[in-house]
Amino acid sequence: MSPTLLSLAFALALAASTFIQFWLSSRQIRHVAAHRGQVPAAFAGSVTLAAHQKAADYTVARSRLGLLALAFNAAVLLGWTLLGGLSALNGWVLDASQALPADWQGMGYQLGLVAVFVLIGSLLDLPWDLWSTFRIEQAFGFNRTTLKLYVADALKGLLVGALLGLPILALILWLMGAAGPRWWLWAWGAWMAFNLAVMVIYPTVIAPLFNKFEPLADTLLKERVERLMARCGFASKGLFVMDGSRRSAHGNAYFSGFGPAKRVVFFDTLLAKLNGSEVEAVLAHELGHFKHRHITKRIVLMFALSLAGFALLGWLAQQPAFYLGLGVQPNLDAPNDALALLLFMLAGPVFGFFVTPLASHFSRRDEFQADAYARAKSSGADLSSALLKLHEDNAGTLTPDPVYARFYYSHPPAAERLAALAS
Ligand SMILES: [Zn+2]
């Protein structure tokens with residue numbers, strides 16, 4: 001592999017993926033704006049013109065911000081890599097690490113490099129997130145978070161990220177340096193164990209740091225949900241209501257936890273909007289994902305892809321061209337493992353972008369299967385009315401650009417979903 005060839009491939013992939021994203025978003029904006037004037041015939045009786053237009057304006061506003069962010073992020077990525085940003089940061093952190101005791105220099109420098117890189121990345125993302133939350137979400141009446149809560153969330157997130165992230169990062173960096181040529185196999189094992197552990201502790205340890213969870217108090221709804229779960233052969237470790245309304249008006253329901261007994265979490269915003277039979281139908285859809293083993297399959301796929309990723313990284317980290325081709329001068333007398341990790345995380349998604357439509361396709365297929373399950377175990381009509389309410393409540397557009405939806409949508413467009421439920 002020659003550095004020039006890698007630079008060229010990377011630049012081409014970045015240009016192509018940016019161009020495709022730009023083209024798709026422009027299509028989406030044009031399509032939604034063109035259909036703003038009229039509610040599609042299939043929804044004429046159930047969606048008002050005002051709601052339809054709000055959804056169109058919301059979609060366009062978010063897509064426009066997305067276009068700006070797209071250009072910005074492409075520039076940042078280019079800045080880190082081919083324009084030498086990461087190389088410069090690396091030199092600076094390496095110098096600063098000379099102040100550490102000799103035993104700590106190698107690991108201290110590497111952890112410092114990743115930490116500073118992640119901090120800068122978060123700072124660069126911050127204005128976009130602030131604008132999205134306090135301008136767009138606010139303007140459309142969805143934002144419920146205050147600046148104070150936002151800052152508290154950000155600091156807590158940073159702290160949790162550091163507490164969880166730094167030890168596993170240190171372990172992986174240590175394995176990269178000490179475990180020999182098959183280090184990537186060990187690192188993969190450590191990474192998988194870490195992910196499983198996070199999945200196990202997330203519902204009881206991490207999620208409660210950000211939200212309050214209370215047992216579902218509505219006894220009628222509780223009985224209804226328990227009947228559904230018995231009918232579907234599911235055990236649950238409890239039904240909980242989460243105060244999602246603290247931050248956003250968007251509603252949701254999810255499962256969390258691991259093994260045969262899971263907790264079911266309803267956003268309070270969801271319970272406020274849907275009636276009992278609609279909540280049941282939404283839950284039946286989620287149970288459908290379990291019955292069809294979508295979650296397990298996704299976890300297995302993640303394991304397999306991570307293994308391939310670590311194996312690839314194991315090879316790339318040995319190639320000087322990998323560093324040089326992405327704009328970084330490798331260190332001569334300090335470990336290069338942190339640099340390799342960062343470059344891999346920067347460049348990987350640029351090439352990975354091209355499988356987006358494939359992932360979206362399989363995700364939509366899973367959604368159809370879960371819908372069919374909900375129809376069999378609960379009611380298709382209730383699921384339809386719940387979906388329509390949630391769609392309207394989230395100001396999802398009913399008229400997405402077909403090409404955009406094929407490429408990105410993890411859930412089928414509302415029209416297709418309702419048609420399948422009614423067929
Ligand atoms: Zn689903």
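The values are calculated or read from the model by the stated rules, or taken from the named source; none is laboratory data. Please read all numbers here as calculations on a predicted model, not as lab measurements. Note: ideal-geometry Cβ built from the backbone for every residue, glycine included; neighbour counts use all protein chains shown.
Structural remarks
- Flag if ALA395 is at positive phi and surrounded by 16 or more Cβ atoms within 10 Å (Cβ to Cβ): yes
- Among the residues making up segment 131-146, those that are surrounded by 13 or more Cβ atoms within 10 Å (Cβ to Cβ) and hydrophobic (A, V, I, L, M, F, W, C) are TRP131, PHE134, ILE136, PHE140, PHE142.
- Just one of the listed residues (PRO400, PRO412) is part of a loop (DSSP other than H, G, I, E, B) and away from the ligand (no atom under 16 Å from the Cβ), and it is PRO400.
- Annotation for segment 282-294: at least one member residue is modelled with pLDDT under 95, within 16 Å of the ligand (Cβ to nearest atom) and loosely packed, with under 15 Cβ neighbours inside 10 Å.
- Residue under evaluation ASP125, criteria (1) among the acidic types (Asp, Glu); (2) at pLDDT 95 or above; (3) touching a helix residue (DSSP H, G or I) at 6+ places or on another chain (Cβ under 8 Å), criterion not met: (3)
- Any hit, segment 369-383, residues being charged (D, E, K, R) and over 13 Å from LEU283 (Cα atoms): no
- Being within 24 Å of ALA178 (Cα to Cα), at pLDDT 95 or above, in a helix (DSSP H, G or I) and not basic (Lys, Arg) is a property that LEU339 has.
- Helices (runs of 4 or more DSSP H) contained entirely in segment 1-104, each with at least 1 residues that are acidic (Asp, Glu) and under 23 Å from GLY121 (Cα atoms): 85-97
- When the residues of segment 366-383 are filtered to those that are touching an Asp or Glu at 6+ places or on another chain (Cβ under 9 Å) and small (Gly, Ala, Ser), the one that is farthest from the ligand (Cβ to nearest atom) is SER379.
- Among the residues of segment 260-277, the one identified as within 15 Å of the ligand (Cβ to nearest atom) and either part of a helix (DSSP H, G or I) or on the phi > 0 side of the Ramachandran plot (or both) is LEU270.
- Annotation note: Cβ proximity below 6 Å between a residue of segment 8-21 that is in contact (Cβ under 8 Å) with a residue 40 or more places away in the chain and a residue that is of a type in the set (Phe, Trp, Tyr) and part of a helix (DSSP H, G or I) (sequence gap 6+ or interchain) occurs for ALA13/PHE351; SER17/PHE353.
- Evaluation of ALA422 against the conditions (1) surrounded by fewer than 18 Cβ atoms within 10 Å (Cβ to Cβ); (2) within 24 Å of HIS250 (Cα to Cα); (3) modelled with pLDDT under 95 shows that the sole unmet condition is (2).
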